[in-house]
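The values are calculated or read from the model by the stated rules, or taken from the named source; none is laboratory data. The structure displayed is predicted, hence computed values, not measured ones. Don't worry about glycine lacking a Cβ; one is built from the backbone with ideal geometry, like all the others, and counts go over all protein chains shown. What goes into the accessible areas is simple: the full protein's heavy atoms, side chains included, and nothing from ligands, DNA or RNA. Shrake-Rupley method; radii C 1.70, N 1.55, O 1.52, S 1.80 Å.
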Amino acid sequence: MRSLKTRLLPLSMAVVGLFAAGAALAAPTYRIEVLGKGHGPAPKWASSISDNGSVAGGAVDSETGESVSFRAHRGKKVEALAETQAMHYPGKPQVSDAGVVVGRYQRDWDDHGGVWAADGTVTDLGPIVGCDDSRGVYPQSINDAGAYVVEIDCPIGGVSTRGGFLVRDGVAVKVPPSDGRVTFPILINRREQVVGVTDYLTGTPYAFIWEEGKPVRRLTPLGLEVYPEAMNDRGHLVGMKVINLTWTPFLHDGKAMRELPLCGQHDVWPVAISNDGWIAGNFYGLGVSRDAALIRDGQCAELQSLLDDSAAGWSELSADDMNNDGVIVGHGRFEGYRRVFIATPLSR
């Protein structure tokens with residue numbers, strides 16, 4: 001998933017971790033642990049976790065000190081993705097259950113769109129989607145079955161082309177326009193429902209949903225600027241909308257949009273939604289502090305408050321993604337050092 005970042009306001013101390021005053025969140029206890037102990041790349045942030053616990057993100061090479069993208073298949077051994085060292089724009093690699101990753105890689109001193117097989121080999125995405133130059137291919141997300149969506153801004157047959165594709169088993173299907181406007185896919189779920197936004201060059205972008213063989217359907221009202229962040233397999237969508245320069249989180253259940261309740265007195269920027277409606281996100285505290293939160297059944301709790309005794313040494317937790325088992329991956333500080341964490345619910 002692609003996550004847009006901003007700075008939000010601190011959670012009210014009077015109602016820390018609650019949507020409604022006086023209500024207690026019936027949420028699970030979480031156990032937190034460091035991802036990537038020992039040798040190999042040192043993960044610094046995560047961007048994706050699959051349902052079987054495979055993780056992708058960014059790390060620092062322990063030998064060269066260079067930035068590198070990583071994959072941890074089933075949350076175990078951390079390995080650097082080939083040709084991602086010291087990239088100009090590392091992007092946010094996305095991983096499937098099988099360990100297939102889509103993201104950006106570096107070749108000939110330029111960044112390109114690529115897909116890594118389970119064995120670690122990388123394939124250039126340019127020829128798959130028909131681009132003459134893969135520098136303009138931007139992978140967005142992958143589902144747990146391995147189908148993925150990409151945005152393009154590249155020449156095809158010498159003609160500058162913008163838009164997007166759904167790629168399944170190495171075969172690309174162009175996402176059709178919506179009301180004559182170019183469409184950019186952002187998210188894909190296991191049902192291969194594709195959500196994205198229309199081209200901002202032809203008006204305020206609105207969100208659409210599309211499935212192969214069906215027409216593109218507009219999800220959000222014309223004139224309302226929206227940015228989808230995450231979608232579950234039921235087609236429920238979370239993201240941010242902009243009204244009068246104010247960013248507000250929303251939930252769309254496939255039929256109608258509604259605002260997410262406040263977390264205390266402030267908004268939580270959502271980054272993930274599970275099939276049973278759990279929402280992971282972040283709010284910003286005083287200064288540069290950023291704190292992970294879990295929304296469930298209309299209530300919210302700070303992730304730090306849900307941890308068991310494994311919380312010792314952890315601070316400044318930031319959620320990056322969550323899978324359908326409620327496992328949250330993110331980054332924070334452990335004993336003063338920036339680390340990637342996996343937070344697992346001990347019960348549901």
So what is the accessible area of the chain per residue, in Å², with the probe set to 1.4 Å?
-> 43 Å²
Return the FRET efficiency for the residue pair Arg218, Ile156: r is the Cβ-Cβ distance, R0 is 30 Å, and the value is rounded to the nearest 0.05.
-> 0.70
For segment 128-259, build the charge dipole from Cβ charges (+1 Lys, Arg; -1 Asp, Glu) around the Cα centre, then report which of Gly164, Gly235, Gly146 sits farthest towards its positive end.
-> Gly235
So which chymotrypsin sites (Phe, Trp or Tyr not before Pro) in segment 64-115 are both in a DSSP loop and have at most 11 other Cβ atoms within 10 Å of their Cβ?
-> Trp109
How much length, in nm to one decimal, is gained on full extension between Gln265 and Thr204, taken as 0.36 nm per residue of separation minus their Cα-Cα distance?
-> 19.1 nm
Expressed as a whole-number percentage, the relative contact order of segment 267-348 with C-alpha contacts under 8 angstrom and at least six residues apart is 23 percent
Expressed as a whole percentage, what fraction of the accessible surface of segment 230-343 belongs to carbon and sulfur atoms when a 1.4 Å probe is rolled over the protein heavy atoms?
-> 48 percent
With +1 on the Cβ of every Lys and Arg and -1 on the Cβ of every Asp and Glu, the dipole magnitude of the chain about its Cα centre, in debye rounded to the nearest 20, is 540 debye
Mean Cα-pair separation over length for segment 183-233, i.e. relative contact order, pairs under 8 Å, 6 or more apart, % | 34 percent
For Asp320, other-chain or 5+-apart residues with amide H closer than 5 Å (H placed, Pro excluded) are Val329, Gly330, His331
With label points built 7 Å along Cα→Cβ from the Cα atoms of Ser310 and Asn275, find their separation and express it in nm.
-> 2.3 nm
If you find the alpha carbon centre of segment 298-348 and of segment 172-249, how far apart are they in angstrom?
-> 29 Å
For segment 157-174, what does the Karplus curve 6.51 cos²θ - 1.76 cosθ + 1.60, with θ = phi - 60°, yield as ³J(HN,Hα) per residue in whole Hz, taken in order and with x for Gly and Pro?
-> x, x, 9, 4, 9, 10, x, x, 9, 9, 10, 9, 6, x, 10, 9, 10, 5
Output the peptides 173-182, 48-57, 142-151, 75-84 sorted from most to least packed, where packing is the average of other Cβ atoms within 10 Å over each peptide's residues.
-> 48-57, 142-151, 75-84, 173-182
Extreme residue, positive dipole direction of segment 194-326, given options Cys263, Gly326, Leu251 (C-beta unit charges) | Leu251
With each run of n ≥ 4 DSSP H residues scored as -39500 (n - 2.57), what mean residue ellipticity at 222 nm is computed for the chain after dividing by its residue count and rounding to the nearest 500 deg cm²/dmol?
-> -500 deg cm²/dmol
Karplus ³J(HN,Hα) for segment 314-329 (6.51 cos²θ - 1.76 cosθ + 1.60, θ = phi - 60°; Hz, whole; x = Gly/Pro) runs 9, 7, 6, 6, 10, 7, 10, 6, 8, 9, 6, 8, x, 6, 9, 10
Starting with the highest mean, order 272-283, 240-251 by the number of other Cβ atoms within 10 Å, averaged over the residues of each peptide.
-> 272-283, 240-251
For the chain, modelled as a Gaussian network with Cα springs under 10 Å, which listed residue fluctuates most, Gly170, Gly332, Gly36?
-> Gly170
Which net charge results when you count Lys and Arg as +1 and Asp and Glu as -1 among the other residues whose beta-carbon is under 13 Å from that of His252?
-> +3
Contact order relative to length for segment 76-217, counting C-alpha pairs under 8 Å separated by 6 or more residues, stands in percent at 14 percent
